[in-house]
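Okay, so here's the structure we're looking at.
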Amino acid sequence: MAAEKTVLFLVVPCYNEEEVIVSSAEELEKKLSGLEKEGRISGRSRIVLVNDGSKDKTPKLIHGLHETKENIVCINFSRNFGHQSAVLAGYLYAMDKCDAVISIDADLQQDIGAIDRFLDEYDKGADIVYGVRNSRDTDGFGKKVTSQMFYGLMRKLGCEIIPNHADYRLLSNRVLHALSEYKEHNLFLRGLIPTLGFPSAIVHFDVHERKAGKSKYTLRKMLRLASDGITSFSIKPMHIIFNIGVIAVAASLVNIIYTLIVFFSGHTVSGWSTIVISIWLFGGLQLIATGCIGEYIGKNYIESKQRPRYIIESIESCDKNLKLAPQRTDHETDINR
Ligand code: UDP
Ligand code: MG
């Protein structure tokens, strides 16, 4: 009996992408139908467009795409929840309907030619295929330097992040099920996914310039993501602050001895500078330490509320009663590590 063809879902987060979404969806459509004609994927494969609370014409455009193409599914968030939540919503929607999912940005900066190689690795048994960009030439100088510093820092802090891998990746059905067990609010998928285990592979791809529109990753969103990445995966910053505190206390002991010697020798006025320096130094250190601790307490506070990570306003799909796709059964998922 011929093996069942892979049901592939493409997950595309979209935020204010009116300039590119129609042409990108058409290109992805072409790619899917090409793969289907080659017999590589099943006709039940879909493109899932996740509208992350766009304020431009994106919702209207993707609704129109869904109306004309039955393999296009639209998920509309009630507001902007962020790229990571949009990717996760697509993953969780696809979870019980597909064999594998590939997430890709709406601007198609990531080369869709790599999808064939993602599938090759999947067919060879990889459950996770990481797309790793060949160069960062399309990034500005600032983005290049900050992202390299960020990847370096994350690795130093003990997070198994894959350098130059963003969110262009393939996940098998069972990885999606494992991922769905992680209920954390502060989502940093590229740090979380390598901790899941499972056989994995890397595929290198070229990055193109954005065809139209501006980057939706503002500096504020990038800093938020970096902060989520660091504080969701490492408590080392707290250890570093603690160690600085220990050194500072040791230094202040020396300072106290010095101040006492000066005091007993009768030159009390000269202590003024020491006091002022100490006040500023310790005031600053305390603020840093409090801020760092506050970040973790804040995260605990949010996690303890168990708020939903996103709210779906509507789903538009032609698949009324989609049956479960055949799942891979070669080895069991173990998420109880
Ligand atoms: N995006 C999103 N929500 C946001 C910001 C971005 O869904 O709040 C999507 C965006 O539409 C795109 C992807 O995330 O599909 C990557 O964004 P962008 O291409 O602007 O980032 P860059 O390539 O500049 O890092
Ligand atoms: Mg982009």
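The values are calculated or read from the model by the stated rules, or taken from the named source; none is laboratory data. Small disclaimer: the values here were computed from a predicted structure and weren't measured. Cβ atoms come from the backbone with ideal geometry, glycine included; neighbour counts cover every protein chain shown.
Is it the case that S232 is outside any loop (DSSP other than H, G, I, E, B) and either touching a strand residue (DSSP E or B) at 6+ places or on another chain (Cβ under 7 Å) or within 16 Å of ligand 2 (Cβ to nearest atom) (or both)? Break it down into steps so the answer makes sense when it comes.
Numbers: outside any loop (DSSP other than H, G, I, E, B): yes; either touching a strand residue (DSSP E or B) at 6+ places or on another chain (Cβ under 7 Å) or within 16 Å of ligand 2 (Cβ to nearest atom) (or both): no.
Taking the combined requirement at face value, the residue does not satisfy it.
Going by what's in this entry, would N71 be described as farther than 16 Å from L8 by Cα and not acidic (D, E)?
no
Can you tell me which residue among S85, S24, S33 is among the hydroxyl-bearing types (S, T, Y) and either on the phi > 0 side of the Ramachandran plot or out of contact with any strand residue (DSSP E or B) (no Cβ under 8 Å at 6 or more places or on another chain) (or both)?
Within the list S85, S24, S33, the selection yields S33.
Anything in the stretch 155-189 that is assigned to a helix (DSSP H, G or I) and modelled with pLDDT under 85? List them, or say none.
Passing the criteria: R155, K156.
Examine the stretch 233-246 for a residue that is under 19 Å from the mean Cα position of the chain (by Cα), closer than 30 Å to D111 by Cβ and touching a residue at least 12 places away in the same chain (Cβ under 8 Å), and state whether such a residue exists.
Looking through the stretch 233-246, at least one residue is under 19 Å from the mean Cα position of the chain (by Cα), closer than 30 Å to D111 by Cβ and touching a residue at least 12 places away in the same chain (Cβ under 8 Å).
Given (1) within 16 Å of ligand 2 (Cβ to nearest atom); (2) under 22 Å from the mean Cα position of the chain (by Cα); (3) of a type in the set (G, A, S), identify the lone condition not met by S23.
With (1) within 16 Å of ligand 2 (Cβ to nearest atom); (2) under 22 Å from the mean Cα position of the chain (by Cα); (3) of a type in the set (G, A, S) applied to S23, the lone miss is (2).
Which ones in the stretch 97-112 are within 13 Å of ligand 2 (Cβ to nearest atom) and charged (D, E, K, R)?
Hits for the stretch 97-112 are D105, D107, D111.
On the given criteria, is G213 away from ligand 2 (no atom under 16 Å from the Cβ) and touching a residue at least 60 places away in the same chain (Cβ under 8 Å)?
Taking the combined requirement at face value, the residue does not satisfy it.
Looking only at the stretch 122-153, how many residues end up being outside any strand (DSSP E or B) and in contact with a helix residue (DSSP H, G or I) (Cβ under 6 Å, 6 or more places away or on another chain)?
So the answer is 3.
Select, from H177, H204, H165, the only residue that is away from ligand 1 (no atom under 16 Å from the Cβ), closer than 16 Å to F118 by Cβ and not small (G, A, S).
H204
State the number of residues belonging to the stretch 79-112 that are among the β-branched types (V, I, T), over 19 Å from S317 (Cα atoms) and more than 10 Å from ligand 1 (Cβ to nearest atom).
To start, the set of residues in the stretch 79-112 that are among the β-branched types (V, I, T) comprises 87, 101-102, 104, 112.
Keeping just the survivors that are over 19 Å from S317 (Cα atoms) gives 104, 112.
Of the ones still in play, those that are also more than 10 Å from ligand 1 (Cβ to nearest atom) are 112.
Qualifying residue count, the stretch 79-112: 1.
Consider the stretch 8-25. How many of its residues are surrounded by fewer than 24 Cβ atoms within 10 Å (Cβ to Cβ) and among the aliphatic types (A, V, I, L, M)?
2
Of A86, A94, which residue is within 14 Å of ligand 2 (Cβ to nearest atom) and either crowded, with 22+ Cβ neighbours inside 10 Å or modelled with pLDDT of 95 or more (or both)?
A86
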